[in-house]
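Undergrad: Starting off with a structure, shown below.
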Amino acid sequence: MLKQRTIKQLVRTVGVGLHSGTKVELTLRPAAPDTGIVFRRVDFNPPVDLPASATGVGDTRMASTLDNRGGAKVSTVEHLMSACAGLGIDNLYVDVTAEEIPIMDGSASSFVFLLQQAGLQEQNAPKKFIRVKKQVEVREGSGDNVKWARLDPYNGFKLKFFIEFKHPAVDVTGQNAEIDFDVESYVREISRARTFGFMQDVETLRGMGLIRGGSLENAIVMDEYRILNPDGLRYENEFVRHKILDAIGDLYLVGHPLLASYTAHKSGHTLNNLLLRALLEQPDAYEIVTFDVAEAAPRAYAHQAGQEWALI
């Protein structure tokens, strides 16, 4: 049986929110089978739980934000969710002391390290997957400004992303990338890709209450012509790889790993969430499946069984 997974022990870290600039303490705790990933605002009395779910997402400006509509929210959950997806974590409590998950280095690698430090624990319950049975697509805009995201049936999990930034530093890198986790590693190929932004947008975004904690330590920053980070890029096409990292985290908010092929053009948190909602609104478009024999699962997930490190 391909089993659910949590962590073995509690682990903590401290960081700063990318958008709020607020210091936040983050604690990851084991959770029982079928709990899912639950974010908990422990600075509320009593604490408030915000389960990770596609329908629980509110604000999607520059990040994915879980919102209980009662005043409690947790924003910028996508990088931690991406790490959980990459390591096959099904059940986890995420305690936070503020409204935003810390940005760490701008990628998912710090969260991967934390989860591996805590240890991965298999649980005696079948791992549940959402198998996409027919194409689902959402679109926004028209002509040259069209953006879209699509899920197609696929016995595994792969993503293909196209970006379009007219900027010298981005033009010289690949503006599209495809990764198939049957044959490639999340930890090696995706987890270290950082978020990015442009200096000319800083004043406007901060006026909107965003990126107040942003710096060269947690993002790739560009002026009109070049990358300002002294160490340059971690991957040749790090920009589009980060968009894939985000998409993995956004898609994992559906509650279970997907068996699907995801393709997107200029998509972001808003379209990714609309795509999940469109999927869930069509009961004939998906089914919940488990695997009694791990070897029967797609390769992307089958080799997670019994392993301490799950490198999809």
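Undergrad: What shape does segment 1-132 take by its C-alpha gyration tensor, where a ≥ b ≥ c are the square roots of the eigenvalues and a/c under 1.5 counts as rounded, a/b above b/c as prolate, and the rest as oblate? It would help to have the intermediate numbers written out before the result.
TA: Values: a/c = 1.59, a/b = 1.38, b/c = 1.15.
Prolate.
Undergrad: Still on this structure: Beyond 20 Å between alpha-carbons counts as too far, so tell me which of K73/K147; K160/K243; K133/K266; K73/K160 fall in that bin.
TA: On the way: K73/K147 27 Å; K160/K243 10 Å; K133/K266 24 Å; K73/K160 30 Å.
Check vs 20 Å cut-off fails for K73/K147; K133/K266; K73/K160.
Undergrad: In addition: Going by the alpha-carbon gyration tensor, a ≥ b ≥ c the square roots of its eigenvalues, is segment 34-78 rounded (a/c under 1.5) or, if a/c is not under 1.5, prolate (a/b greater than b/c) versus oblate?
TA: Numbers: a/c = 1.87, a/b = 1.26, b/c = 1.49.
Judged from the Cα gyration tensor, segment 34-78 comes out oblate (a/c at least 1.5, b/c at or above a/b).
Undergrad: At a Förster distance of 45 Å, what's the computed FRET efficiency of A294 paired with E25, Cβ-Cβ distance as r, to 0.05? Please list the in-between numbers first.
TA: Values: r = 36 Å, r/R0 = 0.81.
The calculated FRET efficiency here is 0.80.
Undergrad: Using a Gaussian network model on the chain with a 10 Å cutoff between Cα atoms, which of G86, G21, G249 fluctuates the most?
TA: Largest GNM mean-square fluctuation: G21.
Undergrad: With the chain treated as a Gaussian network of Cα nodes joined by springs under 10 Å, which of N273, N91, N229 yields the largest mean-square fluctuation?
TA: Taking springs between Cα atoms under 10 Å, the residue moving most is N229.
Undergrad: On a 1.4 Å probe surface of the protein chains, which of H167, H256 comes out largest in accessible area, and what is the full order? Can you show the working numbers first?
TA: Details: H167 10, H256 55 Å².
Result of the area sort, largest leading: H256, H167.
Undergrad: For the chain, what is the convex hull volume of its Cα atoms per residue in Å³? Spell out each step's value before the answer.
TA: Working: hull volume 39.7 nm³, N = 312.
Given the Cα convex hull of the chain, per-residue volume reads 127 Å³.
Undergrad: Same structure again: What's the center-to-center distance, using Cα atoms, between segment 242-278 and segment 104-155 in Å?
TA: Here the two parts' Cα centres lie 5 Å apart.
Undergrad: Let me have the relative contact order for segment 66-213, percent, based on Cα pairs under 8 Å that are six or more residues apart.
TA: Relative contact order for segment 66-213 comes out at 21 percent.
Undergrad: Within 10 Å, at most 16 other Cβ atoms, and a DSSP state outside H, G, I, E, B define an exposed site. Report the longest part of the chain free of exposed GluC sites (Glu not before Pro). Could you put the intermediate results ahead of the total?
TA: Numbers: sites that count: E164, E184, E217, E224, E236, E281, E308.
With GluC sites (Glu not before Pro) excluded where exposed in loops, the chain gives 1-163 as its longest stretch.
Undergrad: Return the long-range amide H neighbours of L259 (sequence gap of 5 or more, or a different chain), with a cut-off of under 5 Å between placed amide H atoms.
TA: Under 5 Å from the amide H of L259: I130, R131, V132.
Undergrad: So which residue, out of Q123, Q200, Q135, gets the largest mean-square fluctuation from a GNM of the chain using Cα contacts under 10 Å as springs?
TA: Greatest mean-square fluctuation among the candidates belongs to Q200.
Undergrad: On to the next question. For D223 and E137 in one chain, what is 0.36 nm times their gap in residues minus the Cα-Cα distance, to one decimal in nm? Please report the intermediate quantities before stating the final value.
TA: On the way: separation 86, 0.36 × 86 = 30.96 nm, distance 3.44 nm.
That works out to 27.5 nm of additional length.
Undergrad: For K23, K166, K158, K8, give the ranking by accessible area with the largest first, probe 1.4 Å.
TA: On the way: K23 140, K166 180, K158 50, K8 110 Å².
Per-residue accessible area, sorted high to low, gives K166, K23, K8, K158.
The values are calculated or read from the model by the stated rules, or taken from the named source; none is laboratory data. The structure presented is a predicted model; accordingly, all values stated were derived computationally and were not measured. Please note: Cβ atoms are built from the backbone with ideal geometry, for glycine as well, and neighbour counts cover all protein chains shown. Quick note on the areas: whole protein, heavy atoms, side chains included, nothing else; ligands and nucleic acids left out. Shrake-Rupley method; radii C 1.70, N 1.55, O 1.52, S 1.80 Å.
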